[in-house]
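Notes to accompany the following structure.
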Amino acid sequence: RGSYSLENVVTLLALKVLYPEAIYLSRGNHEGLSMNRVYGFEGEVKKKYDEGVFDLFSEVFNALPTGHIINRKVFVTHGGLYSKDNVTIEDLQKPSRFGEIPESGLICESLWADPQPMKGRSPSKRGVGLSFGPDVTENFLQTNNLKLVVRSHEVKDEGYVVEHDGKCITIFSAPNYCDSIGNKGAFIRFRGDTMEPKFTTFVHVKHPGKRAMFYSSAFGNMMM
(Lines give C-alpha, C1' and ligand atoms only; values in the text may rest on other atoms or scores of the structure.)
Protein backbone atom coordinates (compact mmCIF):
# COMPACT_ATOMS: atom_id res chain seq x y z
CA ARG A 1 0.00 0.00 0.00
CA GLY A 2 2.98 2.27 0.29
CA SER A 3 4.20 4.21 -2.72
CA TYR A 4 7.75 2.84 -2.46
CA SER A 5 6.83 -0.84 -2.62
CA LEU A 6 8.97 -1.32 -5.73
CA GLU A 7 12.10 -0.15 -3.94
CA ASN A 8 11.27 -2.36 -0.96
CA VAL A 9 10.79 -5.56 -2.94
CA VAL A 10 13.86 -4.95 -5.12
CA THR A 11 15.92 -4.55 -1.94
CA LEU A 12 14.58 -7.83 -0.57
CA LEU A 13 15.31 -9.66 -3.82
CA ALA A 14 18.81 -8.21 -3.95
CA LEU A 15 19.45 -9.43 -0.39
CA LYS A 16 18.19 -12.88 -1.37
CA VAL A 17 20.68 -12.98 -4.26
CA LEU A 18 23.49 -11.74 -2.04
CA TYR A 19 22.73 -14.02 0.93
CA PRO A 20 20.80 -17.00 -0.49
CA GLU A 21 21.35 -19.17 2.59
CA ALA A 22 20.35 -16.46 5.06
CA ILE A 23 17.37 -14.67 3.46
CA TYR A 24 14.06 -16.49 3.04
CA LEU A 25 11.11 -14.74 1.43
CA SER A 26 7.51 -15.90 1.63
CA ARG A 27 4.24 -14.86 0.08
CA GLY A 28 1.56 -12.75 1.71
CA ASN A 29 -2.01 -12.10 0.67
CA HIS A 30 -0.91 -8.91 -1.14
CA GLU A 31 1.43 -10.82 -3.46
CA GLY A 32 -1.36 -11.50 -5.92
CA LEU A 33 -2.76 -9.77 -9.00
CA SER A 34 -6.02 -8.48 -7.55
CA MET A 35 -4.41 -6.96 -4.44
CA ASN A 36 -1.54 -5.51 -6.48
CA ARG A 37 -4.10 -3.86 -8.72
CA VAL A 38 -6.34 -2.41 -6.02
CA TYR A 39 -3.67 -1.24 -3.59
CA GLY A 40 -1.24 0.30 -6.01
CA PHE A 41 1.72 -1.98 -6.73
CA GLU A 42 0.66 -2.55 -10.34
CA GLY A 43 0.22 1.18 -10.93
CA GLU A 44 3.52 1.98 -9.24
CA VAL A 45 5.55 -0.48 -11.32
CA LYS A 46 3.90 0.55 -14.58
CA LYS A 47 4.52 4.22 -13.78
CA LYS A 48 8.18 3.70 -12.86
CA TYR A 49 8.90 0.99 -15.47
CA ASP A 50 6.36 -0.79 -17.68
CA GLU A 51 3.88 -3.66 -17.89
CA GLY A 52 6.60 -6.18 -18.72
CA VAL A 53 8.38 -5.52 -15.44
CA PHE A 54 5.10 -5.87 -13.54
CA ASP A 55 4.49 -9.23 -15.24
CA LEU A 56 7.93 -10.39 -14.04
CA PHE A 57 7.05 -9.42 -10.47
CA SER A 58 3.81 -11.37 -10.78
CA GLU A 59 5.79 -14.46 -11.83
CA VAL A 60 8.07 -14.05 -8.83
CA PHE A 61 5.14 -13.63 -6.42
CA ASN A 62 3.46 -16.74 -7.83
CA ALA A 63 6.60 -18.75 -7.06
CA LEU A 64 7.10 -17.62 -3.46
CA PRO A 65 6.54 -20.25 -0.74
CA THR A 66 3.67 -19.72 1.66
CA GLY A 67 5.59 -20.58 4.82
CA HIS A 68 8.82 -21.67 6.50
CA ILE A 69 9.90 -23.69 9.52
CA ILE A 70 12.76 -22.37 11.65
CA ASN A 71 14.94 -24.95 13.43
CA ARG A 72 12.10 -27.49 13.35
CA LYS A 73 10.26 -25.51 16.03
CA VAL A 74 8.72 -22.31 14.65
CA PHE A 75 6.13 -22.23 11.85
CA VAL A 76 6.12 -18.92 9.94
CA THR A 77 3.34 -17.94 7.56
CA HIS A 78 1.63 -14.70 6.62
CA GLY A 79 -1.94 -15.32 7.71
CA GLY A 80 -2.52 -18.31 9.92
CA LEU A 81 -4.04 -21.75 10.32
CA TYR A 82 -6.70 -23.92 8.84
CA SER A 83 -10.38 -24.82 8.63
CA LYS A 84 -9.78 -28.43 9.62
CA ASP A 85 -7.76 -30.14 12.34
CA ASN A 86 -4.70 -32.35 11.94
CA VAL A 87 -3.24 -30.50 8.96
CA THR A 88 0.36 -31.63 8.49
CA ILE A 89 3.33 -29.93 6.90
CA GLU A 90 3.14 -32.62 4.21
CA ASP A 91 -0.46 -31.56 3.50
CA LEU A 92 0.71 -27.97 3.03
CA GLN A 93 3.29 -29.06 0.49
CA LYS A 94 0.79 -30.85 -1.76
CA PRO A 95 -1.03 -27.93 -3.47
CA SER A 96 0.93 -26.25 -6.26
CA ARG A 97 1.75 -22.70 -5.23
CA PHE A 98 2.70 -21.62 -8.77
CA GLY A 99 -0.26 -19.44 -9.67
CA GLU A 100 -2.66 -16.85 -8.35
CA ILE A 101 -3.86 -17.18 -4.76
CA PRO A 102 -6.98 -19.38 -4.68
CA GLU A 103 -10.17 -18.26 -2.97
CA SER A 104 -10.29 -21.27 -0.64
CA GLY A 105 -8.15 -24.17 0.54
CA LEU A 106 -4.84 -24.46 2.38
CA ILE A 107 -2.92 -21.83 0.41
CA CYS A 108 -5.72 -19.29 0.82
CA GLU A 109 -6.00 -19.96 4.55
CA SER A 110 -2.23 -19.75 5.02
CA LEU A 111 -2.31 -16.21 3.63
CA TRP A 112 -5.67 -14.90 4.90
CA ALA A 113 -6.49 -16.46 8.30
CA ASP A 114 -6.40 -14.54 11.61
CA PRO A 115 -6.27 -15.67 15.26
CA GLN A 116 -9.20 -15.13 17.61
CA PRO A 117 -9.25 -15.29 21.43
CA MET A 118 -12.08 -17.82 21.74
CA LYS A 119 -11.79 -21.52 20.96
CA GLY A 120 -12.89 -22.96 17.63
CA ARG A 121 -13.25 -21.27 14.30
CA SER A 122 -15.33 -18.37 13.00
CA PRO A 123 -15.98 -16.76 9.61
CA SER A 124 -13.36 -14.13 8.83
CA LYS A 125 -14.25 -10.46 9.08
CA ARG A 126 -12.30 -10.08 5.83
CA GLY A 127 -14.73 -12.24 3.89
CA VAL A 128 -12.03 -14.75 2.96
CA GLY A 129 -10.11 -17.23 5.08
CA LEU A 130 -11.19 -17.77 8.71
CA SER A 131 -10.52 -16.89 12.32
CA PHE A 132 -8.96 -19.64 14.45
CA GLY A 133 -8.78 -20.10 18.20
CA PRO A 134 -6.10 -21.28 20.64
CA ASP A 135 -7.28 -24.89 20.40
CA VAL A 136 -6.68 -24.81 16.63
CA THR A 137 -3.16 -23.50 17.21
CA GLU A 138 -2.50 -26.20 19.82
CA ASN A 139 -3.73 -28.95 17.49
CA PHE A 140 -1.55 -27.77 14.61
CA LEU A 141 1.57 -27.50 16.79
CA GLN A 142 1.05 -30.91 18.39
CA THR A 143 0.28 -32.56 15.05
CA ASN A 144 3.55 -31.27 13.58
CA ASN A 145 5.76 -31.40 16.70
CA LEU A 146 6.25 -27.63 16.61
CA LYS A 147 6.48 -25.00 19.35
CA LEU A 148 5.21 -21.71 17.95
CA VAL A 149 3.27 -20.04 15.12
CA VAL A 150 4.54 -16.66 13.88
CA ARG A 151 2.38 -14.69 11.46
CA SER A 152 1.70 -11.11 10.35
CA HIS A 153 -1.34 -9.83 8.42
CA GLU A 154 -2.71 -7.47 11.10
CA VAL A 155 -1.66 -4.02 12.31
CA LYS A 156 -0.78 -4.02 16.01
CA ASP A 157 -0.34 -0.85 18.07
CA GLU A 158 2.96 -1.98 19.59
CA GLY A 159 4.12 -3.84 16.47
CA TYR A 160 3.42 -7.30 17.85
CA VAL A 161 1.00 -9.32 20.00
CA VAL A 162 1.48 -12.68 21.73
CA GLU A 163 -1.70 -14.79 21.88
CA HIS A 164 -2.98 -18.32 22.37
CA ASP A 165 -1.09 -19.00 25.60
CA GLY A 166 2.13 -17.74 24.07
CA LYS A 167 1.94 -20.07 21.08
CA CYS A 168 0.84 -17.61 18.37
CA ILE A 169 2.70 -14.36 17.68
CA THR A 170 1.56 -11.62 15.33
CA ILE A 171 4.46 -9.46 14.13
CA PHE A 172 3.89 -6.36 11.98
CA SER A 173 6.92 -4.51 10.69
CA ALA A 174 5.35 -1.48 8.95
CA PRO A 175 5.19 1.48 11.38
CA ASN A 176 2.51 4.14 10.94
CA TYR A 177 0.71 1.92 8.44
CA CYS A 178 -0.55 3.84 5.40
CA ASP A 179 0.90 7.01 6.93
CA SER A 180 -2.10 7.24 9.23
CA ILE A 181 -2.42 4.48 11.84
CA GLY A 182 0.36 5.58 14.20
CA ASN A 183 1.38 2.03 15.15
CA LYS A 184 4.90 0.92 15.93
CA GLY A 185 6.69 -1.65 13.78
CA ALA A 186 8.47 -4.70 15.18
CA PHE A 187 10.68 -7.65 14.32
CA ILE A 188 11.69 -10.85 16.13
CA ARG A 189 15.07 -12.44 16.76
CA PHE A 190 15.32 -16.09 17.79
CA ARG A 191 18.34 -17.55 19.57
CA GLY A 192 19.28 -20.79 17.88
CA ASP A 193 19.79 -22.72 21.09
CA THR A 194 16.52 -21.88 22.85
CA MET A 195 14.40 -20.40 20.02
CA GLU A 196 12.95 -17.94 22.51
CA PRO A 197 11.65 -14.79 20.76
CA LYS A 198 13.15 -11.38 21.44
CA PHE A 199 11.15 -8.41 20.16
CA THR A 200 12.47 -5.11 18.86
CA THR A 201 10.01 -2.28 18.22
CA PHE A 202 10.54 0.97 16.34
CA VAL A 203 8.66 4.06 15.21
CA HIS A 204 8.32 5.51 11.74
CA VAL A 205 10.31 8.27 10.12
CA LYS A 206 8.82 10.68 7.64
CA HIS A 207 9.37 9.59 4.06
CA PRO A 208 9.59 11.99 1.12
CA GLY A 209 7.46 12.29 -1.95
CA LYS A 210 4.27 10.37 -2.69
CA ARG A 211 1.71 9.61 0.00
CA ALA A 212 0.66 6.04 0.73
CA MET A 213 -1.76 4.55 -1.81
CA PHE A 214 -0.84 7.20 -4.39
CA TYR A 215 -0.82 4.61 -7.19
CA SER A 216 -3.90 2.75 -6.00
CA SER A 217 -6.65 2.14 -8.55
CA ALA A 218 -9.15 2.40 -5.70
CA PHE A 219 -8.30 6.09 -5.44
CA GLY A 220 -8.14 6.73 -9.17
CA ASN A 221 -4.41 7.47 -9.20
CA MET A 222 -3.04 4.49 -11.14
CA MET A 223 -2.27 6.47 -14.28
CA MET A 224 -1.09 9.67 -12.56
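Of everything in segment 30-59 that's of a type in the set (Phe, Trp, Tyr) and outside any loop (DSSP other than H, G, I, E, B), which residue is surrounded by the most Cβ atoms within 10 Å (Cβ to Cβ)? Let's see the steps before the verdict.
If we filter segment 30-59 for residues that are of a type in the set (Phe, Trp, Tyr), which is where we start, we get 39, 41, 49, 54, 57.
If we keep only those that are outside any loop (DSSP other than H, G, I, E, B) too, we end up with 39, 41, 54, 57.
Values: Tyr39: 22, Phe41: 26, Phe54: 21, Phe57: 20.
Ranking the candidates gives Phe41 first.
Between Ile69, Ile23, which is under 22 Å from Val161 (Cα atoms) and not charged (D, E, K, R)?
Ile69
Among the strands (runs of 3 or more DSSP E) confined wholly to segment 67-138, which include 3 or more residues that are in contact (Cβ under 8 Å) with a residue 12 or more places away in the chain, surrounded by 18 or more Cβ atoms within 10 Å (Cβ to Cβ) and not hydroxyl-bearing (Ser, Thr, Tyr)? Write out each step before concluding.
Values: elements: 67-70, 74-77, 121-123, 130-132.
Counting at least 3 such residues, we get 74-77.
Is it fair to say Arg27 is touching a Ser or Thr at 6+ places or on another chain (Cβ under 8 Å) and buried (at least 18 other Cβ atoms within 10 Å of the Cβ)? Step through it out loud before you land on a result.
Details: touching a Ser or Thr at 6+ places or on another chain (Cβ under 8 Å): yes; buried (at least 18 other Cβ atoms within 10 Å of the Cβ): yes.
So Arg27 passes the test.
Restricting the first residue to segment 16-39 and requiring it to be under 18 Å from Glu103 (Cβ atoms), which pairs with a second residue that is acidic (Asp, Glu) and surrounded by 18 or more Cβ atoms within 10 Å (Cβ to Cβ) meet a Cβ separation below 8 Å and a spacing of at least six or different chains?
That search, which allows pairs on different chains as well, returns Leu33/Glu42; Asn36/Glu42.
From the list Asp91, Asp50, exactly one residue is closer than 30 Å to Gly120 by Cβ and at pLDDT 95 or above. Which is it? So that I can check it myself, show each step before the final result.
Values: Asp50 fails: closer than 30 Å to Gly120 by Cβ.
Of Asp91, Asp50, the one residue that is closer than 30 Å to Gly120 by Cβ and at pLDDT 95 or above is Asp91.
Check segment 166-175 and report whether any residue there is polar (S, T, N, Q), over 24 Å from His30 (Cβ atoms) and surrounded by fewer than 19 Cβ atoms within 10 Å (Cβ to Cβ). Reasoning before the result, please.
At the first step, the residues of segment 166-175 found to be polar (S, T, N, Q) are 170, 173.
Remaining after also requiring over 24 Å from His30 (Cβ atoms): none.
The answer is no, given that none of the residues of segment 166-175 is polar (S, T, N, Q), over 24 Å from His30 (Cβ atoms) and surrounded by fewer than 19 Cβ atoms within 10 Å (Cβ to Cβ).
Based on this model, can you work out whether Ser110 counts as of a type in the set (Ser, Thr, Tyr), under 19 Å from the mean Cα position of the chain (by Cα) and more than 27 Å from Thr194 (Cβ to Cβ)? I'd like the intermediate steps shown before the answer.
Values: of a type in the set (Ser, Thr, Tyr): yes; under 19 Å from the mean Cα position of the chain (by Cα): yes; more than 27 Å from Thr194 (Cβ to Cβ): no.
Taking the combined requirement at face value, the residue does not satisfy it.
Just checking, does segment 177-192 include any residue being farther than 25 Å from Trp112 by Cα, open to solvent by 30 Å² or more (accessible area, probe 1.4 Å) and not hydrophobic (A, V, I, L, M, F, W, C)? Step through it out loud before you land on a result.
Initial filter on segment 177-192 (farther than 25 Å from Trp112 by Cα): 191-192.
Narrowing further to those that are open to solvent by 30 Å² or more (accessible area, probe 1.4 Å): 191-192.
Applying the additional criterion that residues be not hydrophobic (A, V, I, L, M, F, W, C) yields 191-192.
Checked against the condition, which is being farther than 25 Å from Trp112 by Cα, open to solvent by 30 Å² or more (accessible area, probe 1.4 Å) and not hydrophobic (A, V, I, L, M, F, W, C), segment 177-192 yields at least one hit.
Please specify each residue of segment 140-151 satisfying the condition of being in a loop (DSSP other than H, G, I, E, B) and out of contact with any strand residue (DSSP E or B) (no Cβ under 6 Å at 6 or more places or on another chain).
Step one: of segment 140-151, the residues in a loop (DSSP other than H, G, I, E, B) are 144-147.
Correct list: Asn144, Asn145, Lys147.
Please go through (1) under 28 Å from Asp85 (Cα atoms); (2) in contact with a Lys or Arg (Cβ under 8 Å, 6 or more places away or on another chain); (3) open to solvent by less than 30 Å² (accessible area, probe 1.4 Å) for Gly159 and return the number of the only condition it doesn't satisfy.
It fails just one condition, (1).
Residue check: is Asn183 within 30 Å of Lys47 (Cα to Cα), touching a helix residue (DSSP H, G or I) at 6+ places or on another chain (Cβ under 8 Å) and either β-branched (Val, Ile, Thr) or modelled with pLDDT of 95 or more (or both)? Let's see the steps before the verdict.
Working: within 30 Å of Lys47 (Cα to Cα): yes; touching a helix residue (DSSP H, G or I) at 6+ places or on another chain (Cβ under 8 Å): yes; either β-branched (Val, Ile, Thr) or modelled with pLDDT of 95 or more (or both): yes.
For Asn183, the condition - within 30 Å of Lys47 (Cα to Cα), touching a helix residue (DSSP H, G or I) at 6+ places or on another chain (Cβ under 8 Å) and either β-branched (Val, Ile, Thr) or modelled with pLDDT of 95 or more (or both) - is met.
Where residues in segment 1-17 are open to solvent by less than 50 Å² (accessible area, probe 1.4 Å) and not in a helix (DSSP H, G or I), which of them is farthest from Val76 (Cα to Cα)? Lay out the reasoning, then the answer.
Kept after step one, since they are open to solvent by less than 50 Å² (accessible area, probe 1.4 Å), are these residues of segment 1-17: 2-3, 5-6, 9.
Okay, now just the ones that are also not in a helix (DSSP H, G or I), so 2-3.
Working: Gly2: 24, Ser3: 26 Å.
Selected residue: Ser3.
What is the number of the single condition among (1) open to solvent by 30 Å² or more (accessible area, probe 1.4 Å); (2) within 18 Å of the chain's Cα centre (by Cα) that Pro20 does not meet?
So the condition that Pro20 fails would be (2).
The values are calculated or read from the model by the stated rules, or taken from the named source; none is laboratory data. Everything numeric here is computed off the predicted structure, so don't read it as measured data. With ideal geometry, Cβ positions are generated from the backbone for all residues, glycine too; neighbour counts draw on all protein chains shown. The accessibility values were calculated without ligands, DNA or RNA, using every heavy atom of the protein model including side chains. Shrake-Rupley method; radii C 1.70, N 1.55, O 1.52, S 1.80 Å.
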